[in-house]
Amino acid sequence: MSSDKPVESAEATETTERKPLSIQGLIDAGVHFGHRASHWNPKMRPYVYGRRKLIHIIDVRETVRGILRAKKYLKQVAANGSFALFVGTKRQAAETIKTQATRCSMPYVAERWLGGTLTNFKTIRSRLGRLQELEEIIHGDQLLTYSKKMQASLSREYKKMFRNLDGIRTMDRFPEVMIVVDPKKEKNAIREARALGVVSIALIDTDSDPDEVDLPIPGNDDSIRSIDMILYELASAVKEGRDQFEGSKMLGSASDK
């Protein structure tokens, strides 16, 4: 479905220095632009400030509240040694999901949510084993022992599995929390998280149901700049908590000597 909002290029997110979170900064990033009023979900009413030219305007104060609540929780989760799974497969979100998840050393899904990623985790782990096996074949001398036809087949299989699974190869247990861009698009991921009691934090636009997620962050989920700004804040909280956890582990190891 085509977006109701103007699409900016990825270069718009490139900055030399990150400014502190502010309402003006969020507005400059277009976080306040919702969908057409005719496409909204009435449950989003508490997060809507008004309407401009048939487009709903999101109350950015609610966006800030959502970000601050999410950051507090994420820092606590990471400080306790648990981890967050970043999920966002739409074109505008994929690159930022990879970048910010990698920055805070967390797993991510940016290409395609495979059914059962959480609810059938044992099978997914076995596929990760196959990915590792293919990697060893592709990057080793063993590939030369196969026919050219088989080499091409193995290469295709590897590329497809790498694209879909590389982001979660370090995920050896269930995440404590899932960070999602556009829960309407990622409904299967949200459904699996709810079934397993995994807390969900989501950047949620005016066309989605906030009751489907635990910690909604109302905001424009079609703008690259909006997604980038909010995910940067969330990843920073995870990184801060993770650094705290690693620091406490080092102190514990030192005291044992």
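Annotation: extensible slack from A195 through K159 equals 9.9 nm (criterion: 0.36 nm per residue apart, minus Cα-Cα distance).
Taking every Cα-Cα distance in the chain and sorting them into 5 Å bins starting at zero, the pair-distance distribution P(r) comes out as 1, 6, 12, 16, 17, 14, 12, 9, 6, 4, 2, 1, 0, 0 percent. Between I179 and L85, F86, V87, I201, the built amide H atoms are under 5 Å apart, and every one of these is 5 or more places off in sequence or on another chain. Each of S22 and D172 was given a label point 7 Å from its Cα along the Cα-to-Cβ line. The distance between the two points is 4.4 nm. Potential lengthening of the chain between K72 and R112 amounts to 11.5 nm, from the contour at 0.36 nm per residue minus the alpha-carbon distance. In the range 156-257, Cα pairs under 8 Å separated by at least six residues give a relative contact order of 18 percent. Which percent of the Cα-Cα distances in the range 113-159 go past 12 Å? Roughly 65 percent, once rounded to a whole number.
Using the structure shown, list the pairs from K122/K239; K159/K239; K71/K239 with a Cα-Cα distance above 21 Å, or answer none. Please list the in-between numbers first.
Values: K122/K239 28 Å; K159/K239 30 Å; K71/K239 10 Å.
Too far apart for the 21 Å limit: K122/K239; K159/K239.
For the chain, the longest principal axis of the Cα atoms and the long axis of helix 91-103 meet at an angle of about 70 degrees.
Could you tell me which of rounded, prolate or oblate describes the range 47-91, using a ≥ b ≥ c as the square roots of the eigenvalues of the alpha-carbon gyration tensor, with rounded for a/c under 1.5 and, failing that, prolate when a/b is larger than b/c and oblate otherwise? Because a/c hits 1.5 or more and a/b fails to exceed b/c, the range 47-91 counts as oblate.
Quick one: pull the percent of accessible area on the range 111-241 belonging to carbon and sulfur, 1.4 Å probe, ligands and nucleic acids left out. Here it works out to 47 percent. Calculated accessible area for the chain comes out at 54 Å² per residue, all protein chains present (probe 1.4 Å; ligands, DNA, RNA ignored).
For the Cα atoms of the chain, what angle does the longest principal axis make with the long axis of helix 60-79, in degrees from 0 to 90, nearest 10? Once rounded, one gets 30 degrees. Compute the acute angle (0 to 90°) between the alpha-carbon long axis of helix 121-138 and the principal axis of greatest extent of the alpha-carbon atoms of the chain; round to the nearest 10°. Helix 121-138 and the main axis of the chain meet at about 60 degrees.
The values are calculated or read from the model by the stated rules, or taken from the named source; none is laboratory data. Keep in mind that this is a model prediction, so the values were computed, not measured. Methodologically, a virtual Cβ is constructed for each residue, glycine included, from the backbone with ideal geometry; neighbour enumeration extends over all protein chains shown. Note: areas computed on protein heavy atoms with side chains; ligands, DNA, RNA excluded. Shrake-Rupley method; radii C 1.70, N 1.55, O 1.52, S 1.80 Å.
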